[in-house]
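The values are calculated or read from the model by the stated rules, or taken from the named source; none is laboratory data. All figures in this text were calculated on a predicted structure; none of them were measured in a lab. Counting neighbours? That spans all protein chains shown, and the Cβs are built from the backbone with ideal geometry, glycine included. Just so you know, the surface numbers come from the protein's heavy atoms only, side chains and all, with ligands and any DNA or RNA stripped out. Shrake-Rupley method; radii C 1.70, N 1.55, O 1.52, S 1.80 Å.
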Amino acid sequence: MLREIRPAIVFIIALTVITGLIYPLAITGIAGVIFPDQAKGSFIERDGKVVGSALIGQNFVSDKYFHGRPSAISGPDPNDPSKTVATPYDATNSSASNLGPTSKALSDRVAGDIAKLKAENQNAPVPADLVTTSASGLDPDISPDAAFFQVPRVAKARNLPEDKVRELVNGQIAGRLLGIIGEPHVNVLALNLALDAAQK
C-alpha cells in the first residue's frame, strides 16, 4: 500500500514546491526586473518621502484638494468594538457596502452626496463616480468629468484662476491602455500633488 501512496505524496510535495514557492518567486523576480515601480507598489514620492500609492486612493477632505470616489470601507469602532465606523480607503480592510439598488440607506446617502455636490457646483451635472463607491473601496482614480466638476471649488479655495486648475486637470488625464482598454481617468493623488507643485 505504501508503494501506491508514495507517488501521490511525492507528487503533492513537488506541486506544492513548484506552484507555492518556485513559481511565485520567479514571477516576483521577473516583475521586479521588468516593472520595478509596479512590483514595489507603485509608490508616489514627494521630496524623497513616500506620500501614497498610485493604486490606492486617499481620503482628501479639504476644499483645496480634489476628492476621489466615496469609499464604503468601515471597521470596528475603537471606542465600542460592537459598532463600526467609516475608515475610508483602508487598504487592510478593502470592501464594498453590499447595498443594493433598493436599499434606503444607499438611496439616502447618494441623495445627500448629490445635494452637497450640487451646492458646490450648480452649473454642471454631478458625475456618477462622485456619488458611487467602487467594489474595493480603494479606487485611486476619477473620471475627467468628475475632476472638471470640482475645478470651481478647488480654484476658489486656492485663489487660483479656474483656467489654470482646468489646465492641470487636462495634464493629468490618462487615456485608455493601448488606446482601447478601460476609460480615460485621472489619478487623484497625482493631480493633488501637481496642484501643490503649481502653487510653490
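Numerical summary
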| item | result |
| --- | --- |
| Cα-based Kirkwood hydrodynamic radius, the chain, one decimal, Å | 20.1 |
| Apportionment of accessible area to carbon and sulfur, the range 38-174, percent (1.4 Å) | 53 |
| Those residues of the range 150-173 whose amide nitrogen sits under 17 Å from the label point placed on Asp37, 7 Å along Cα→Cβ | 171-173 |
| Degrees, to the nearest 10: 2-17 long Cα axis against longest axis of the chain | 30 |
| In the range 42-200, lysine pairs closer than 27 Å at Cα, eight or more apart or cross-chain | 19 |
| Selected from Ala54, Ala31, Asn98, residue furthest toward positive end of dipole (the range 1-113; charges at beta carbon) | Ala31 |
| The range 5-116 - Rg and Dmax from Cα coordinates, angstrom | 21.8, 68 |
| Among Asn123, Asn187, Gln172 the positive-end extreme of the charge dipole of the range 96-200 (Cβ point charges) | Asn123 |
| Note, ³J(HN,Hα) from phi for the range 170-184, Karplus 6.51, -1.76, 1.60, rounded to Hz, x at Gly and Pro | 4, x, 9, 6, 9, x, 5, 5, 6, x, 9, 9, x, 10, x |
| Arg109, Arg153, Arg176, Arg69, reordered so the largest accessible area comes first (probe 1.4 Å) | Arg176, Arg109, Arg69, Arg153 |
| Amide H within-cut-off set for Gly52, under 5 Å, with H built and near neighbours excluded | Ile44 |
| Built amide H within the under 5 Å cut-off of Val126, gap 5+ | none |
| Surface/4 estimate of mean projected area, convex hull on alpha-carbon atoms of the range 114-200, nm² | 6.4 |
| Percent RCO, i.e. relative contact order, over the range 39-100, from Cα pairs under 8 Å lying at least 6 residues apart | 23 |
| Computed lengthening from Arg46 to Arg6, 0.36 nm per intervening residue step minus Cα-Cα distance | 8.7 nm |
| Built amide H within the under 5 Å cut-off of Ser74, gap 5+ | Thr87 |
| Computed magnitude of the charge dipole of the chain (debye, nearest 20; Cβ of K, R +1, Cβ of D, E -1) | 120 |
| Å² per residue, accessible surface of the chain at 1.4 Å | 65 |
| Expected 222 nm ellipticity per residue - DSSP helices of 4 or more, -39500 (n - 2.57), all of the chain, to 500 | -13500 deg cm²/dmol |
| Label-point separation, Thr28 to Thr87 (7 Å along Cα→Cβ), nm | 2.5 |
| Where Phe66, Phe11 fall by accessible area, highest first, once all protein chains stay in place (1.4 Å) | Phe11, Phe66 |
| Per-residue ³J(HN,Hα) for the range 30-44, Karplus 6.51 cos²θ - 1.76 cosθ + 1.60, θ = phi - 60°, Hz, x for Gly and Pro | 5, 4, x, 7, 7, 10, x, 5, 5, 5, 8, x, 6, 5, 10 |
